[in-house]
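Here is the structure we will look at.
Bear in mind that the values in this text are calculations on the coordinates, not laboratory data. A quick note: this is a predicted structure, and the numbers were derived from the prediction, not measured. No Cβ is skipped: glycine too gets one built from the backbone with ideal geometry, and neighbour counts run over all protein chains shown.
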């Protein structure tokens with residue numbers, strides 16, 4: 001836009017804003033900043049980076065009948081600049097990759113697919129190969145999977161995608177905006193887990209996490225981001241959110257709109273998990289969480305039923321339980337992984353689910 005075009009647009013927006021009865025708030029003040037979130041991709045040419053990712057994926061071990069039916073690789077170098085009339089002028093840059101693939105297994109009976117997506121900022125080709133090999137095996141297992149019988153009191157194991165969805169739901173309700181509009185389920189001082197034998201949740205909202213592509217120095221308002229532990233040992237200890245809604249709640253120093261989070265690992269060992277009869281969810285249509293209805297569930301495309309040390313693929317089922325029951329019986333693995341916005345345990349286990 002030209003200066004004149006920008007002036008007209010701003011005047012029009014300001015005129016419309018006068019019709020809205022929101023409380024006034026102050027814009028962040030002062031401060032110049034320029035920086036890059038360093039990672040393995042930072043110094044690479046984007047095409048070179050995409051080529052390295054492609055080579056890693058297609059060199060991964062795949063069993064007979066397995067292939068990559070579709071592959072899309074997006075490599076971004078995002079530059080974000082925020083300026084305002086109070087002297088804020090901040091710029092940050094991050095390079096990140098987003099990979100979507102359709103691993104496929106084909107035999108005489110037909111073709112079977114699973115959707116797989118990866119977000120990352122560290123180019124770990126060995127990890128990429130292992131991920132592709134694992135998904136290829138899973139899509140083959142889906143072709144051989146049987147429908148499980150309905151049952152009660154099943155132990156469920158979730159992987160990082162679903163753990164991240166659960167933590168995202170729990171923490172989203174602790175932002176200033178939800179509290180201000182009175183749409184939050186829990187507030188500071190509330191216990192979301194009862195004391196017992198479960199691993200207590202400790203969640204920290206983070207500005208930046210190594211390997212997470214939503215890492216940032218500041219938010220869209222230009223507010224410097226500050227890490228804050230919102231849940232500690234199963235109890236809500238703090239809120240987080242934007243400068244605007246922080247001001248509405250009279251918060252002295254708002255944290256800013258944090259987009260990453262760390263979940264403290266627990267006590268679940270590989271040996272303990274291997275000895276526990278459970279249903280490990282490998283692919284779901286999406287985790288369904290409703291804190292107000294105390295519900296947790298999901299439609300399972302592929303899972304592994306582990307019983308008496310034997311591992312069997314199953315499909316065509318759903319699981320359902322209470323959110324409180326899951327939280328009060330959960331165990332978190334010792335091993336930690338990172339994903340798009342998540343850093344935390346690789347597995348989460350909880351009891352008492354119903355298989356439908």
Region 170-257: C-alpha gyration tensor shape, a/c 1.5 cut-off, then a/b vs b/c: oblate
Which labelled figure in [x] 19.9, 64; [y] 20.9, 64; [z] 23.0, 73 is Rg and Dmax of the Cα atoms in Å, once derived from the coordinates: [z]
Cα gyration tensor shape of region 41-167, rounded if a/c is under 1.5, else prolate or oblate by comparing a/b with b/c: oblate
Ranking of 119, 278 by count of other Cβ atoms within 10 Å, fewest first: 119, 278
Chain lengthening between residue 182 and residue 113 when straightened (0.36 nm per residue, less Cα-Cα): 20.6 nm
Added length on full extension, which subtracts the Cα-Cα distance from 0.36 nm per residue, residue 100 to residue 334: 81.4 nm
The chain - share of DSSP beta bridges that are antiparallel (%, nearest 5): 85
Order of 348, 118 - criterion: other Cβ atoms within 10 Å of each residue's Cβ, fewest first: 118, 348
Where labels lie 7 Å past Cα in the beta-carbon direction, separation of residue 91 and residue 153 in nm: 6.4
FRET efficiency, 1/(1 + (r/R0)^6) with R0 35 Å, evaluated for residue 271 and residue 80 via beta carbons: 0.20
Fewest-first ranking of 335, 340, 159, using other Cβ atoms within 10 Å as the exposure measure: 335, 159, 340
